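The structure appears below as structure tokens.
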Amino acid sequence: MTIDMDSLSWLHGKPVCQGRSKVRPEDFIVKEQLGFDFIGSGEHFMVKIRKTGENTKYVVNELAKACGVKSRDVSWAGLKDRHAVTEQWLSVHLPGKPDPDLAQFVVEHPGVEVLATDRHDKKLRPGDLAGNHFELRLTELTQPQDLVSRLENIQQQGVPNYFGAQRFGHDGNNVVKARAWGNDEFRVRDKSKRSFYLSAARSWLFNQVLSQRIAQGQSSQLQVGDCVQAANQDGWDVVTEVTTELQAQVDTGSLLITAPMMGDNALPSLGEVAAFEIQVIEQEPLLLKLIRDNRMRHERRPLMLRPSEMHWQLEENSLVVQFSLPAGCFATAVLRELIDEPEQKDGRDANFDQ
């Protein structure tokens, strides 16, 4: 059994407008938002790049060569899609060494531009990313008039905070492998594969809980036993009483209802909410077993995703839409509520990670 993203509920109803995204790399522009400034000195050489049609790890390896260091001495805050135009910072560990000349590096790699350099006292690490700003062009739209009301609804209410298909590998293979691993069909020793499979397992279970809450009309309705977190905060509190004030905070997006990123410990949600979550999760017993066997720590993730800085321009049969999302959230979650797009057969989405 593979995974079916079309089985997940839509918040605003399944789109009636068909269209295409990422026809060209220029149709999908991503600009990284670190959320902090560099101090201008230190042993880490910071390089801001714009890349077109290249993946992050390839550029990292080539930049390491240009700087005379090993690939492990170059780090990043987030991986970026190959089939896009993306801007991001990389850090190169160069203690006691001057800033290298990257002119030849740029000549040899026409898909990469160096936009700026700086110095900092710490290297970039995964998780340092605050978010990303997106500029997307959707083309070949069959019913563009349907998009205006959808865009307004998304701006006001947000979209389901689904993990995108790219989290699950080509044809959902990471979930398939995770189930087989949970069934003790093989062992996984490679650290990167373990990470991919465990991440896919937790993400798919989250998607299932979120989809069922939408189907029941409860995605934005606060319930006793819900775990909620303030916007832009990591911790959560359990709701013991639903008040008009709390529901108003949910409605405005300042308070977020969450769903589980499963771990091996007990759910922190209570009562009917906990019973509902575990009932959905137990429909995937092999994924749940895998997560528990690997002693993963329970976390929570908001159900809803509200794009910020959102604006758009609709043309005859195309749309340009811009918005910002927090780190760990997927632009494809927004696209999914806008257009019905045929599945990409070239695997271009399978390697995308924000």
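The values are calculated or read from the model by the stated rules, or taken from the named source; none is laboratory data. In this text, all values refer to a predicted model and were calculated from it rather than measured experimentally. With ideal geometry, Cβ positions are generated from the backbone for all residues, glycine too; neighbour counts draw on all protein chains shown. Surface accessibility is based on the protein's heavy atoms, side chains included, excluding ligands, DNA and RNA. Shrake-Rupley method; radii C 1.70, N 1.55, O 1.52, S 1.80 Å.
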- Task: Scan region 1-52 for residues that are exposed (fewer than 14 other Cβ atoms within 10 Å of the Cβ), small (Gly, Ala, Ser) and more than 30 Å from Ser219 (Cβ to Cβ) and jot them down.
- Result: Gly40, Ser41
- If we keep just the residues of region 253-282 that are loosely packed, with under 12 Cβ neighbours inside 10 Å and modelled with pLDDT of 95 or more, which is nearest to Pro160 (Cα to Cα)? Ser254
- Test result for Glu113, assigned by the TED database to the domain that holds Ala64, charged (D, E, K, R) and touching a residue at least 60 places away in the same chain (Cβ under 8 Å): yes
- Within region 298-326, the residues that are among the charged types (D, E, K, R) and over 19 Å from the mean Cα position of the chain (by Cα) are Glu315, Glu316
- Filtered residue count, region 218-235, keeping only those that are part of a loop (DSSP other than H, G, I, E, B) and at pLDDT 95 or above: 9
- Restricting attention to region 53-76, and to residues there that are in contact with a Ser or Thr (Cβ under 7 Å, 6 or more places away or on another chain) and in contact (Cβ under 8 Å) with a residue 40 or more places away in the chain, which single residue is surrounded by the most Cβ atoms within 10 Å (Cβ to Cβ)? Trp76
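To keep it simple, each residue is scored yes or no on (1) open to solvent by less than 20 Å² (accessible area, probe 1.4 Å); (2) closer than 29 Å to Glu284 by Cα.
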| site | (1), (2) |
| --- | --- |
| Asn207 | yes, yes |
| Ser219 | yes, yes |
| Val228 | yes, yes |
| Ala231 | no, no |
| Gly235 | no, yes |
| Thr244 | no, no |
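Listed here are the residues, each with its yes/no results for (1) of a type in the set (D, E, K, R); (2) under 20 Å from the mean Cα position of the chain (by Cα).
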position: Gln156; (1), (2): no, no
position: Gln166; (1), (2): no, yes
position: Lys177; (1), (2): yes, no
position: Asn183; (1), (2): no, no
position: Lys191; (1), (2): yes, no
position: Phe196; (1), (2): no, yes
position: Leu205; (1), (2): no, yes
- Note on the structure: Log entry, pairs with first residue in region 170-197 being open to solvent by less than 30 Å² (accessible area, probe 1.4 Å), second being among the polar types (S, T, N, Q) and in a helix (DSSP H, G or I), beta carbons closer than 6 Å, six or more apart or on different chains, reads Tyr197/Asn174
- Identify, from the list Phe196, Phe206, Phe186, Phe163, the residue that is part of a loop (DSSP other than H, G, I, E, B) and under 15 Å from Met261 (Cα atoms). Phe163
